[in-house]
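Below is one structure, written out as structure tokens, with a few remarks after it.
The values are calculated or read from the model by the stated rules, or taken from the named source; none is laboratory data. Since we're looking at a predicted model, the values are computed, not measured. Virtual Cβ from ideal backbone geometry, glycine too; neighbours counted across all protein chains shown. Protein only, heavy atoms only, side chains kept; ligands, DNA and RNA dropped before computing areas. Shrake-Rupley method; radii C 1.70, N 1.55, O 1.52, S 1.80 Å.
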Amino acid sequence: MYVSDAVGSAATSLLALAEILGESERNNRRDGLTSALMRHEGRFLQVIEGHRFDIDRLMDRLKVDPRHENIRLLSDKPVAARRFGAWPMILAELTPTADALLNNDGLDQLSPARAEALLAAAVGLTPATT
């Protein structure tokens with residue numbers, strides 16, 4: 001899971017966001033990855049799930065993608081099961097439930113657990129059980 005700063009039209013344009021989502025969905029299907037992406041106040045928050053090799057390869061591509069910069073990892077850990085496994089790529093929108101989790105903080109102010117809960121709430125998943 002990472003946060004990055006959106007650059008240029010990627011920060012505000014719906015068309016640019018749609019292009020990112022379409023390209024990511026195709027690539028993620030090909031690579032067996034699942035993911036949720038949120039854009040909020042000029043930043044991206046993304047969770048990516050899959051095999052380590054495929055995630056590392058995607059992260060290498062993201063590091064040179066001109067649509068964002070300043071990638072900050074929030075979490076990089078193995079998981080027992082995919083939480084966002086139903087989607088190769090889904091847009092996580094700031095619903096009222098998700099907004100309450102954001103609590104007026106910026107995306108880069110979130111703990112990994114709160115960031116995952118925010119994305120899960122934004123796509124309509126039930127809270128994780130511990």
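Points worth noting:
- At 0.890 mPa s and 25 °C, Stokes diffusion of the chain via Kirkwood alpha-carbon radius, µm² per second: 167 µm²/s
- Equivalent-ellipsoid semi-axes of segment 65-130, from the Cα gyration tensor, Å, largest first: 18, 17, 14
- Each of GLU69 and SER9 was given a label point 7 Å from its Cα along the Cα-to-Cβ line. The distance between the two points is 1.9 nm.
- Accessible-area value, ASP56, 1.4 Å probe, nucleic acids and ligands omitted, Å²: 70 Å²
- Cα gyration tensor shape for segment 1-56, rounded if a/c is under 1.5, else prolate or oblate: oblate
- For the chain, a simple Cβ point-charge model (Lys and Arg +1, Asp and Glu -1, everything else neutral) yields a dipole of about 320 debye relative to the Cα centre.
- In a simple Cβ point-charge model (Lys, Arg +1; Asp, Glu -1; nothing else charged), segment 2-77 has a dipole of about 80 debye relative to its Cα centre.
- Options HIS40, PRO66, LEU94, ranked by Cα towards positive dipole end of segment 30-109, top entry (Cβ charges): PRO66
- Fraction of accessible area attributable to carbon and sulfur, the chain (%, probe 1.4 Å): 53 percent
- Residues of the chain: accessible area per residue with a 1.4 Å probe, Å²: 56 Å²
- Under 5 Å between amide hydrogens, built in the peptide plane, is the criterion, and for ARG43 it picks out ALA6 among residues at least 5 positions away or on other chains.
- Global geometry of segment 43-96, whether rounded, prolate or oblate, following the gyration tensor of its Cα atoms and the 1.5 cut on a/c: oblate
- At the residue level, HIS51 shows approximately 130 square angstrom of accessible surface with a 1.4 angstrom probe and all protein chains present.
- Under Karplus coefficients 6.51, -1.76 and 1.60, residue-wise ³J(HN,Hα) of segment 10-20 in Hz, glycine/proline x: 4, 6, 9, 7, 5, 4, 4, 5, 4, 5, 4
- Over the chain: helical MRE at 222 nm, DSSP H runs n ≥ 4 each giving -39500 (n - 2.57), nearest 500: -11500 deg cm²/dmol
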